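Okay, so here's the structure we're looking at.
Where a number appears in this text, it was derived from the coordinates with a stated rule and is not lab data. Note that the coordinates shown come from a computational prediction; the quantities given were computed from them, not determined experimentally. Glycine also receives a Cβ, built like all others from the backbone with ideal geometry; neighbour counts cover every protein chain displayed.
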Protein chains: 2
Amino acid sequence: MERENKVSMAVIRRLPKYYRYLGELLDKDITRISSHELSNITGFTASQIRQDLNNFGGFGQQGYGYNVEELHKQLGKILGLEKIYKAVLVGAGNLGQAVANYKGFEDAGFKLLALFDKNPKLIGLKIRDIEILDVDNVEEFISKNEVEIGIITTPKEHAQSVADKFVKSNIKGIWNFAPTDLKVPEDIVVENVHLNESLFILSYMYKEKNEK
Amino acid sequence: MERENKVSMAVIRRLPKYYRYLGELLDKDITRISSHELSNITGFTASQIRQDLNNFGGFGQQGYGYNVEELHKQLGKILGLEKIYKAVLVGAGNLGQAVANYKGFEDAGFKLLALFDKNPKLIGLKIRDIEILDVDNVEEFISKNEVEIGIITTPKEHAQSVADKFVKSNIKGIWNFAPTDLKVPEDIVVENVHLNESLFILSYMYKEKNEK
């Protein structure tokens, strides 16, 4: 895996899609697949697929194609999915509750230990057996439980102060849903889900297709 | 705007961020800004900013910088935000309700007319005064109300059939949250929010930073 560091984020961002499709093939008991068949399914070109996967050592064999189970397993490893990450979420309103209810969590290896909010009406409630706690205790909880991932589903104006608490209590990865760009030290990874930007893009594409 | 068609999606995907930051500057009564200052705020290089904005005619003036209000307005136009889009949502569970409650809707010019579900326990409830209706009536509703945008927050296995209904009833844009790639005719635009892929990327980046 020595070459991994040089792999561009554009390639990395395609890996979850390969992983997802390979999982679906496994569910259908399909054991091997050519890059051309993968191309038909994913919409990427066969040469792009071969190039992408070659970055990680090239799992295919000439004339045979890819072993679906093996490739799925290897991509899972590359994506870090064999590890269990302990996570907490701050901002237990509608979006926070929807995220907490999200079924894909466990599949991706994330274990949500607790939700936090400052609203007394929410504190004490449970989402999927996960309790909503007082946000004043979030740093203590993170340290005590060695939480690795923090999720931010607060309104924009509170997001940075939550991120600061995460950083202080030694969280290393943040999944941020607030429509703002967080300022964090370099060793902290942040993955944003910016719904407003996604809507703007939809609006742009709609306009481009329909108003020419 | 003749050159717009040639603008790459990579540039387009940066525009919402410019738009958001310019909106924040406007809120602070900042009337003009240089590409260097914009660079400090957005994290893009000043030359990238100039290049990006030149694609749309170049709104800046040498020695003056950009007029914040004008640039914000023009980017809003480019993104199609001056138009009001009528939207419906199918899949009124947790995620659907969170999306329906999402405050950024109106800001992006989207008006959510109704939610749809097949669960009798949900039908008749209201989210922000927007009623949840029986999904059997979604096509009729779309045609009658000339709905332009459909939002899919159903489980994966129902997403394609919802998309098919949208296409049949002449919807032109789909905001898809289901973890699957929809098959739709070429003239329909689809913007995906794939939470599982985003989590996988977070997992990958976390692993890369912390296990070397």
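Neighbouring Cβ atoms from other chains, within 10 Å of the Cβ of residues in B:98-111, number 5 on average.
3J(HN,Hα) couplings calculated from phi for region B:75-88 with the Karplus curve 6.51 cos²θ - 1.76 cosθ + 1.60 (θ = phi - 60°) are, in sequence order, 5, x, 5, 4, 7, x, 7, 7, 8, 9, 9, 8, 10, 10 Hz; Gly and Pro show x. Taking every alpha-carbon pair within region A:2-78, the share separated by more than 14 Å comes to 57 percent.
Between the Cα long axis of helix B:9-27 and the first principal axis of chain B there is an angle of about 80°, rounded to the nearest 10. Since only A:Gly93, A:Ala178, A:Asn196 are under comparison, the one whose Cα sits farthest along the positive direction of the charge dipole of chain A, derived from C-beta charges on Lys, Arg, Asp and Glu, is A:Asn196. Each part gets one Cα centre, and for region A:125-166 versus region B:35-77 those centres are 36 Å apart. Applying a DSSP loop filter and a limit of 12 other Cβ atoms within 10 Å to the GluC sites (Glu not before Pro) in region A:48-109 leaves A:Glu82.
Taking the Kirkwood radius as Rh and the Cα radius of gyration as Rg, the protein assembly as shown has a ratio of Rg/Rh equal to 0.96. Summarising the rotation from chain A to chain B, the nearest chain A beta-carbon to the axis and its distance in Å are given as A:Ala98, 2.
I'd like the trypsin sites (Lys or Arg not before Pro) in region B:124-166 restricted to DSSP loop residues with at most 16 other Cβ atoms within 10 Å, sorted by number. Qualifying residues, ordered by number: B:Arg128. At q = 0.15 Å⁻¹, what is the base-10 log of I(q)/I(0) for region B:62-212 according to the Debye formula with one equal point scatterer per Cα and no solvent? Please give it to two decimals. Taking Cα atoms of region B:62-212 as identical point scatterers yields -0.82. If you run the Gaussian network model on chain B, springs between alpha carbon atoms under 10 Å, then out of B:Leu195, B:Leu95, B:Leu79 the most flexible one is B:Leu195. Inter-chain Cβ neighbour count for A:187-196, averaged per residue, equals 6 (cutoff 10 Å, partner chain atoms only).
What is the mean number of Cβ atoms from other protein chains located within 10 Å of the Cβ atom of each residue in peptide A:84-95, rounded to a whole number?
The shielding value for this peptide is 2.
Within region A:25-114, which trypsin sites (Lys or Arg not before Pro) sit in a loop by DSSP and count at most 16 neighbouring Cβ atoms inside 10 Å? Passing both the DSSP loop test and the Cβ count: A:Lys28, A:Lys83, A:Lys103.
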